[in-house]
1. What ³J(HN,Hα) values, in whole Hz, does the Karplus curve 6.51 cos²θ - 1.76 cosθ + 1.60 give for the range 328-334 when θ = phi - 60°, with x put for Gly and Pro?
2. Got a sec? How would Asp158, Asp353 order by Cβ neighbour count within 10 Å, fewest to most?
3. If N is the number of residues in the range 267-335, what value comes out of its Cα radius of gyration divided by 2.2 N^0.38 Å?
4. Ranked by Cβ crowding within 10 angstrom, fewest neighbours first, how are Lys2, Lys53 ordered?
5. Could you go through the range 38-53 in sequence order and give the Karplus-derived ³J(HN,Hα) for each residue, using 6.51 cos²θ - 1.76 cosθ + 1.60 with θ = phi - 60°, rounded to whole Hz, and x for Gly and Pro?
6. What is the Rg over Rh value, at two decimals, for the range 1-55, using alpha-carbon atoms and the Kirkwood definition of Rh?
7. Report the trypsin sites (Lys or Arg not before Pro) located in the range 254-353 that are in a DSSP loop and have at most 16 other Cβ atoms inside 10 Å of their Cβ, or state none.
8. Is it possible to state the helix-based mean residue ellipticity at 222 nm for the chain, with each DSSP H run of 4+ residues giving -39500 (n - 2.57), the sum divided by total residues, to the nearest 500 deg cm²/dmol? What is it?
Amino acid sequence: MKFATKAIHEGQPPDPSTNAVIIPIYQSTTFAQEELGKHKGYSYSRVSNPTRKALEENIASLEEGSFALAFSSGLAAIHAVASILKANDHILLSENTYGGTFRLFDKIISQYGVKYNFFNPTQLEDLENKILPETKMVFTESPTNPLMIITDLKKVSDICKKHNILHVTDNTFMTPYFQKPLNLGCDIVIHSSTKYLNGHSDVIGGIVVMNDEDIFNKIRFTQYALGAIPSPFDCWLVLRSIKTLAVRMRQHNENAMIIAEFLQKYSNVKKVFYPGLIQHPQHKLAKEQMTGFGGMLSLDLGSLEKAKNFLKTLKLFTTAESLGGVESLAAHPATMTHASLPKEERERLGITDGLVRLSVGIEDVEDLIDDLKIALEQI
Ligand SMILES: *Cc1c(COP(=O)(O)O)cnc(C)c1O
């Protein structure tokens, strides 16, 4: 079966108890036991729940992985993956990784004696040089937020295999529709399903997908031992949303490409960051490992003042955190998503005060362009 068919059907045969075509929201904490220890595979909903199981099977199939586990947020998913590390283990984090991921490793996981260092994902010698005997995990994200830097997932996976290290990658921006990291050699794929998988800005959720059964059992243990599970209703909403993932991603991609090309020609815009542009320094690599470029792009307007004016004038693009929904959003990384970084560190990474990030929605692109044009005239 191909992607869109799997997205609509995998993990969701008609419900065996009633033949309901849509899986019910199994809003039950507990399940009757016919006799002691005898049940239909469900005992208590922290451990497993039929609506959650349908979601997990569906996403495992889309990522072409053997197992998936659903969590109450993307960060809960990342925490569960980190829980397979022990004191004195070392992890290499890609520079430019999502701020919450950095905060989790820096402020929480490090308290348990797990050490971390950053590496530059565009210089793989840097990765090799930083590997220590204690390094157990390499964590990447491609493309990165907000500069759309691409990591060569296959090459990183090869380096990790050589050193017996797990390669974990955050596939939130691309979704399995455009990028399948397990097929490129990654061991574990993470999603904030809050973003494109759910796509309607109304659920916080996270997903972990993997092939290895031992890793699955460890992370599944954390899932029920820690209990950061999504509600049956949230699982149902994400399942419902995934049915349209293929058409949404195609439209996000088409709109973002048109907007990137429009911005690129606009004299008020200093620079556009979108992997679909041939001017993107890693366009060739992006084309090799992705089948599309997604709906996220950034533009540099040159100053805080101009970024402020731009955001204030936009009407269809709402200024807000988050991304990946059907509606277009705009954000200012220096004061919003990356505000916790010191200014020098932001500048070193290229997150300037004039940088604006757009999550391009699936509205009519002509309307989005009109909105951008008016705002660019005002800056
Ligand atoms: C939002 C996001 C996360 C965190 O997910 P939550 O669902 O907010 O916990 C992790 N990685 C990326 C790339 C994200 O965009």
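1. Couplings: 6, 10, 10, 9, 10, x, 4 Hz.
2. Values: Asp158 14, Asp353 20.
Starting with the residue having the fewest Cβ neighbours, the order is Asp158, Asp353.
3. On the way: Rg = 13.6 Å, N = 69, 2.2 N^0.38 = 11.0 Å.
For the range 267-335, the normalised Cα radius of gyration comes out at 1.24.
4. On the way: Lys2 7, Lys53 18.
Ranking Lys2, Lys53 by Cβ neighbours within 10 Å, fewest first, gives Lys2, Lys53.
5. 10, 8, 8, x, 10, 10, 8, 6, 5, 6, 7, 8, x, 5, 5, 4
6. On the way: Rg = 13.3 Å, Rh = 12.7 Å.
Ratio of gyration radius to Kirkwood radius: 1.05.
7. Lys270, Lys315
8. Working: 14 runs with 139 residues, N = 379.
Calculated at 222 nm, the ellipticity per residue is -10500 deg cm²/dmol.
Read-outs throughout are calculated quantities, based only on the coordinates presented, and are distinct from any laboratory measurement. Here the structure is a predicted model, which means the values were calculated and not measured. Ideal geometry is used to build each Cβ from the backbone, glycine not excepted, and the neighbour counts take in all protein chains shown.
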